[in-house]
Amino acid sequence: MAINRRDFLKVSAGSGLLLASNTSPAVAAPKPLPPEAVGILYDATLCIGCKSCMVNCKKFNSMPGGALYREGGDIPYEHITPEEIYDAPTELSDKTLNIIKAYKSESADGSDADMERYSYIKNHCLHCIDPACASVCPVGALIKDPNDGVVSYDQDKCIGCRYCQIACPFGIPKFEWQETSPKIVKCQLCHHRYKEGNYSACCEYCPTGASIFGKVADLREEAKRRLTLSPGSKYEFPVQTVDSGNRQFKEVGNYLEQIYGMTEAGGTQYLFMSGVPFDKLGFNPNITDQAYPDLTWGYIKKVPVLIVALLIAGAASHVITRRDNLSDSK
Ligand code: SF4
Ligand code: SF4
Ligand code: SF4
């Protein structure tokens, strides 16, 4: 049966195809953290679901978002159209780099011990230590910074093959389908803000310390420290950054004995803590500790013809689109 590029991308959307494959290549040793690796620690027990992180993510990354953006931006509220009032995003998209979701008990009376209450979860690029997206990009448009480990994107190199979308085990990269010169969109850990001494906007504007920025080594230590605390005791939680003097004295939640991202997918620079099992917060339980470039290439080597076809189609569509745009602008 013939399969075209569109069918292939549909069938293998996200990482389902990779996860479902029985490919079991030799497990390589996990890669070490880059020397100055930075990241985020998200503690769901501190999150109040205010979405300040989403609003400011949009604001500082120039992302449109209807009412949600305007409420946090400089545009007067009365200029919001009726349609935009209902424009709060519910999923990651080419316009939304960061999403807060709420999960609640499946049982109406809340009798599940671990699901007694709502929990929030914040989702965006995890900045994998060994990123599958970068490993499959044929033109090096996705790059992991060798020093701070941030995985960023170069639009000028991208040929639009969207192989990064298939490779990412967390379904993060999004594509600008409606644009004439589309690009891949994902969180870049606010890399553009570091030069001025700033850091991730989602952490800077998180009022509770649920999202904190810092060196991954320090974030790991902070997370491990929290696991030693007794539920119900009081602790001074850092707000905005892991080494911040801004601290809030609060009750310690009932943590799971897991820091998600320490080992998953070979380790990530975005770490999560929660009182609710991660599979109940929308995390894919099939993700193992193996770095995904190993799995990805185990699959890719079986479909060389398809890969070549994808690359040629992507390059052709990119060249045609660029040519059309250039002629339009003359
Ligand atoms: S989460 Fe996905 S997009 Fe982000 S670095 Fe990892 S593989 Fe790449
Ligand atoms: S690090 Fe920046 S781009 Fe990424 S989710 Fe936070 S605010 Fe958005
Ligand atoms: S992470 Fe912080 S800013 Fe975002 S919803 Fe939770 S409490 Fe609000």
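The values are calculated or read from the model by the stated rules, or taken from the named source; none is laboratory data. These numbers were taken from a predicted model, which means no experiment stands behind them. Here the Cβ is made from the backbone with ideal geometry for all residues, glycine too, and neighbour counts use every protein chain on show.
I'm checking my understanding of the structure. Among residues of the range 107-136 that are assigned to a loop (DSSP other than H, G, I, E, B) and modelled with pLDDT of 95 or more, which one is nearest to Tyr260 (Cα to Cα)?
Per the criteria, the residue is Leu126.
Just one of the listed residues (Met273, Met262) is buried (at least 21 other Cβ atoms within 10 Å of the Cβ) and modelled with pLDDT of 90 or more, namely Met273.
On the stretch given as the range 241-280, residues that are over 19 Å from Glu221 (Cα atoms) and in contact with a Ser or Thr (Cβ under 6 Å, 6 or more places away or on another chain) total 1.
Between Ser211, Ser230, the distinction of being surrounded by fewer than 19 Cβ atoms within 10 Å (Cβ to Cβ) and at pLDDT 95 or above belongs to Ser230 only. For the criterion of being within 16 Å of ligand 1 (Cβ to nearest atom) and buried (at least 19 other Cβ atoms within 10 Å of the Cβ), Thr241 fails. A count restricted to the range 192-238 and to residues that are closer than 22 Å to Val276 by Cα and of a type in the set (Phe, Trp, Tyr) stands at 2. When Phe237, Phe213 are checked against the criterion of being within 16 Å of ligand 3 (Cβ to nearest atom) and either under 19 Å from Gln269 (Cα atoms) or out of contact with any strand residue (DSSP E or B) (no Cβ under 6 Å at 6 or more places or on another chain) (or both), a single residue qualifies: Phe213.
Here is a check on your reading of the model: is Lys157 within 16 Å of ligand 1 (Cβ to nearest atom) and surrounded by fewer than 18 Cβ atoms within 10 Å (Cβ to Cβ)? Spelling it out, Lys157 is indeed within 16 Å of ligand 1 (Cβ to nearest atom) and surrounded by fewer than 18 Cβ atoms within 10 Å (Cβ to Cβ). Looking only at residues of the range 189-208 that are buried (at least 19 other Cβ atoms within 10 Å of the Cβ) and under 15 Å from the mean Cα position of the chain (by Cα), we find that the one that is farthest from Leu97 (Cα to Cα) is Cys203. Of everything listed in (1) touching a residue at least 40 places away in the same chain (Cβ under 8 Å); (2) within 25 Å of Gly149 (Cα to Cα), the single unmet condition for Thr208 is (2). Of the listed requirements (1) modelled with pLDDT under 95; (2) more than 14 Å from ligand 1 (Cβ to nearest atom), Val139 misses just one: (1).
Identification of strands (runs of 3 or more DSSP E) wholly contained in the range 176-282 with 1 or more residues that are over 28 Å from Gln165 (Cα atoms) and out of contact with any Leu (no Cβ under 8 Å at 6 or more places or on another chain) yields 234-238, 247-251. Taking the numbered list (1) under 30 Å from Ser233 (Cα atoms); (2) surrounded by fewer than 19 Cβ atoms within 10 Å (Cβ to Cβ); (3) modelled with pLDDT of 95 or more in turn, Cys50 passes all entries but (3). All but one of (1) buried (at least 17 other Cβ atoms within 10 Å of the Cβ); (2) part of a loop (DSSP other than H, G, I, E, B); (3) modelled with pLDDT of 95 or more hold for Glu36, so report the exception by its number. Among (1) buried (at least 17 other Cβ atoms within 10 Å of the Cβ); (2) part of a loop (DSSP other than H, G, I, E, B); (3) modelled with pLDDT of 95 or more, Glu36 violates only (1). Residues that are assigned to a helix (DSSP H, G or I), more than 12 Å from the chain's Cα centre (by Cα) and touching a residue at least 40 places away in the same chain (Cβ under 8 Å) do occur in the range 154-164.
In the range 118-131, the condition of being within 16 Å of ligand 3 (Cβ to nearest atom), out of contact with any strand residue (DSSP E or B) (no Cβ under 6 Å at 6 or more places or on another chain) and under 21 Å from Pro32 (Cβ atoms) is met by at least one residue.
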